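Each remark here refers to the structure printed beneath this line.
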Amino acid sequence: GGKSRAPANEVAKLKKSCASITDLKIRGRDILGRLPEVNLTTLTCAQEVARKCHPVLLSSRTPFRLCCRPEENVSNMSVPAEAKKSKSPKPMIWNEEKDELLCREIFAVDVFSGTKRSTVARGAKWEKVAENLNKQQDVFFKVDKRAVRDRYNNLSRELRKKIKNEEKASGIETEMTNLENALEDLIEREDAAESENRAVDDQKKQDRENAADMRNRAMESLGQTKKRKESDDIENEGRKLKKRSNGNATVAYLREKNERLQEFRKEELEVKRMQLEKEENFMKVMMSQQQQQQKQMQEFQAMMNMQVRQQSDLMLALVTKLIDKH
């Protein structure tokens, strides 16, 4: 009856007086809180206001307290027990033992050789290092490739800074720990790999430039070839003029070159003279040895002739005695 029309009238007034949806939400909640009784008409009016205030589907069987103060019912919602018990895992803390194991795995996987910085191949090797560390039984590890890479970069950066400061301060190398020695070896490997990669990249760049130059020359027309040759001739003439203008430097250079050439020739003649002396001495020694051998051969031959003569005389004397007896 009259009581049920009062909320409907207030809702109609509320629609007209509210300038925006925000005002409707705020004032609609106050209207719902001051409704005198709950019946079908009241719930219908409440449903119309609540649809404007909250995106919730209401029906005639929905309890009035759920549409009246929805923000008050949030605290009554039950939280699952698993959510209450779940806690974030403790972060892994690095120490010297773990750093040494990290360096050992980097040595074993050989992260730097054959790979470049920020490439898929380098990332795969860091991933392998992380997997090997996570498989450790004695020491707890929970790392990924980014964690191990960042840890090594921090350690190497600190060691580089320490070595640089020590060189500036005293120039005397201090005693290093096992971890620092391992890190120093890894830094040397990393620098060598980076230098090799830069050399390869420079060579590839030079090859590309040479190939592009050859291709451009092959594609240029006859007129362009003539223009290029003329420009090259002009550049060469300019270089010759520059050389002529610097005549004093050229004369000094030629004089120095001539002096060096003379010194070189003197040294060369001295070396040849020493070689000739050695060869002459060697020939003298060889002649002396040959003469000694000839003398020994002559003495041996004379001795053999004497023995043969003595044997002949003995045989002749023996034959003579035999003849006399008969």
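Since every read-out is calculated from the coordinates, none of them should be taken as a lab result. Since this is a predicted model, take the numbers as computed values, not measurements. Heads up, the Cβs are rebuilt from the backbone with ideal geometry, glycines too, and the neighbour counts pull from every protein chain shown.
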Restricting region 185-215 to residues that are surrounded by 15 or more Cβ atoms within 10 Å (Cβ to Cβ) and in contact with a helix residue (DSSP H, G or I) (Cβ under 9 Å, 6 or more places away or on another chain), the residue that is farthest from VAL111 (Cα to Cα): ILE187
Report whether or not ALA182 is of a type outside the set (Phe, Trp, Tyr), in contact with an Asp or Glu (Cβ under 9 Å, 6 or more places away or on another chain), surrounded by 10 or more Cβ atoms within 10 Å (Cβ to Cβ) and within 17 Å of SER113 (Cβ to Cβ). yes
What number of residues in region 142-178 are within 16 Å of VAL129 (Cβ to Cβ) and more than 17 Å from the chain's Cα centre (by Cα)? 3
